[in-house]
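Report on the following structure.
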Amino acid sequence: MEKLDDALQEHYATVLSRNPGEREFHQAVLEVLESLGPVVHKHPEYLHQAVIERLCEPERQLIFRVPWTDDQGRVQINRAFRVEFNSALGPYKGGLRFHPSVYLGIVKFLGFEQIFKNALTGLPIGGAKGGSDFDPKGRSDAEIMRFCQSMMTELYRHLGEYTDVPAGDIGVGQREIGYLFGQYKRITNRYESGVLTGKGLAYGGSQVRTEATGYGTVFFTEEMLATRGESLSGRRVIVSGSGNVAIYAAEKAIQLGAHVVACSDSSGYVVDEDGLDLALLRQVKEVDRQRVSVYADQRPNATFVEGGQVWDVPCEVALPCATQNELDGAAAKVLIDQGVRAVAEGANMPCTPDATRLFQEAGVLFAPGKAANAGGVATSSLEMQQNASRDSWSFEHTEQRLQEIMVGVHGRCAAAADEYGQPGNYVAGANISSFLRVADAMLSLGVV
Ligand code: NDP
């Protein structure tokens, strides 16, 4: 990755001092600023108008208590966040994460990334993120429902289809979105479908939203490979994670002829040389909510490696789809030595800066999450379009729109990388292209 330009050093120092201890947020800001040196030299107006400082300071940050009662009648207290980062392009848009690791620094990193990701889609959506340190693992449906209802009892006053529209993320799927929407509807007495995305199909959800992030990541990967006259067909692929993004990335890769042989969760990884059986994986993870080892128990040639790193499994294409900083420099070296040709981030910031640099130096095609996983939020925006027009589109039509959007995201990244003299550098291309769109909108709107 490039070094931080002198013109931006002071801005980054300010971010560090104003946001102490928020390691992931610092990392996300640095990764964007490192690409922007040539941009601010060409367009000094962005510095004169303090666009970088404004972009790094969220428009609004909410932190609130979520009290709820568990199945034993004990009162539990969690902390929840919503960071409404930037609304220059449209209403705040970004998911909610339920995971014990959630704190303000994680939510700000995700919200910051979301601004640029949303801009890359070409759609009218601003950037936000939220979540809670609530751990859904091992909780009953009734506990999940009470938690979601309590969280929405505070959150609702900050939301609206023209204001702020949350969706899912780690630990928040269709079940949680349903409970959140139910409580929003009850409190407000409004059937405002467009206030949340990732809804069930029976009450305003969109076809393909469940599959969108994983499918989009694979569409982007296919576009990258095509620039070298290659494709996914016949390629050996591994995914990390076995949640929403991982499962549907694997599904689309298989549909395109790839051989997907490994996936993981926080307990370890599974290798299945026969190719992943997705029906079984979905049963284990989505329906039974079990550990990934249960999958291996039911497949003749699958093995489970407890606590191991899935990156040790040889592959040609790696799709990190679990969580931030899950693939470090050492893992990147192993992947490169074993012949990886393309890496696309289905998760947000899963590769450490070291890993990203190593992939780029080795000439591996590398897609940053803000580009590769933009299909999720793009399809959320399609869900909002359908809600606003009281319409619902077919699976085929929605998937085709998703694919067109991902081709557009790839094209914008590639064009910006070319324009700024770094052909094939999707990190620079994604950062520059999205920054220009948001920055120009901010300049047009004045100092607000
Ligand atoms: P899920 O909760 O459905 O799945 C997450 C998966 O990652 C699980 O397999 C989980 O394992 C694993 N995981 C989570 N945290 C850790 C950890 N600390 N260490 C190891 N493994 C971990 O989440 P999603 O699939 O929705 O999200 C995955 C990633 O994709 C996140 O980075 C998210 O921000 C990003 N993303 C998601 C979008 C979406 O539409 N859902 C859109 C764009 C990006 P376990 O069950 O053991 O915890």
Report summary line: Note on segment 60-190: contact order normalised by length, alpha-carbon pairs under 8 Å, 6 or more apart, percent, works out to 29
Query raised in the report: Say each of ARG60 and ALA362 gets a label point 7 Å from the Cα, pointing the same way as Cα to Cβ; how far apart are those two points in nm?
Result: 4.5
Report summary line: Any trypsin sites (Lys or Arg not before Pro) in segment 213-243 that lie in a DSSP loop and have at most 16 other Cβ atoms within 10 Å would be ARG228
Query raised in the report: Where both partners of a DSSP beta bridge lie in the chain, what percent of those bridges are antiparallel, to the nearest 5?
Result: 55
Query raised in the report: What's the percent breakdown of Cα-Cα distances in segment 80-199 across 5 Å bins, shortest bin first?
Result: 2, 13, 23, 25, 20, 12, 4, 1
Query - Rg in Å to one decimal, and Dmax rounded to a whole Å, for segment 1-147 via C-alpha atoms - result: 17.9, 62
Query - Part-to-part distance (alpha-carbon centres) for segment 123-153 and segment 391-448, which is given in Å - result: 29
Report task. Could you work out how far the C-alpha centroid of segment 159-210 sits from that of segment 29-100, in angstrom? Result -> 20
Report task. Give me the net charge of MET384's neighbourhood, meaning all other residues with Cβ under 9 Å from the Cβ of MET384; Lys, Arg count +1, Asp, Glu -1. Result -> -1
Report summary line: Taking protein heavy atoms only, a 1.4 Å probe, and rounding to whole percent, the accessible area of the chain owed to carbon and sulfur comes out at 49
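Taking R0 as 22 Å, what FRET efficiency do you get between ASP71 and LYS137 from their Cβ-Cβ distance, rounded to the nearest 0.05? Spell out each step's value before the answer.
Values: r = 15 Å, r/R0 = 0.66.
E(calc), rounded to 0.05, equals 0.90.
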Query raised in the report: Where q = 0.07, 0.12 Å⁻¹, what log10 of I(q)/I(0) comes from the Debye formula for the chain, counting one point per Cα?
Result: -0.32, -0.99
Report task. Could you rank the peptides 251-264, 106-119 by their average count of other C-beta atoms within 10 Å per residue, with the highest value first? Result -> 106-119, 251-264
**Report entry** Per residue, in Å², the accessible surface of the chain once ligands and nucleic acids are set aside, probe 1.4 Å
**Finding:** 38
Query raised in the report: Once whole DSSP H runs in the chain are found, which of them have Cα atoms spread over 20 Å or more along the helix axis and a mean Kyte-Doolittle score of at least 1.0?
Result: 426-445
Query raised in the report: Hey, what number do you get for the chain at 222 nm if only DSSP H runs of n ≥ 4 count, each worth -39500 (n - 2.57), divided across all residues, to the nearest 500?
Result: -14500 deg cm²/dmol
Query raised in the report: Where both partners of a DSSP beta bridge lie in segment 246-361, what percent of those bridges are antiparallel, to the nearest 5?
Result: 75
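The values are calculated or read from the model by the stated rules, or taken from the named source; none is laboratory data. Quick caveat: nothing in here was measured; it's all calculated off a predicted structure. A quick note on method: Cβ atoms are made from the backbone with ideal geometry, for glycine too, and the neighbour counts reach across all protein chains shown. Only protein heavy atoms, including side chains, enter the accessible area calculation; ligands, DNA and RNA are left aside. Shrake-Rupley method; radii C 1.70, N 1.55, O 1.52, S 1.80 Å.
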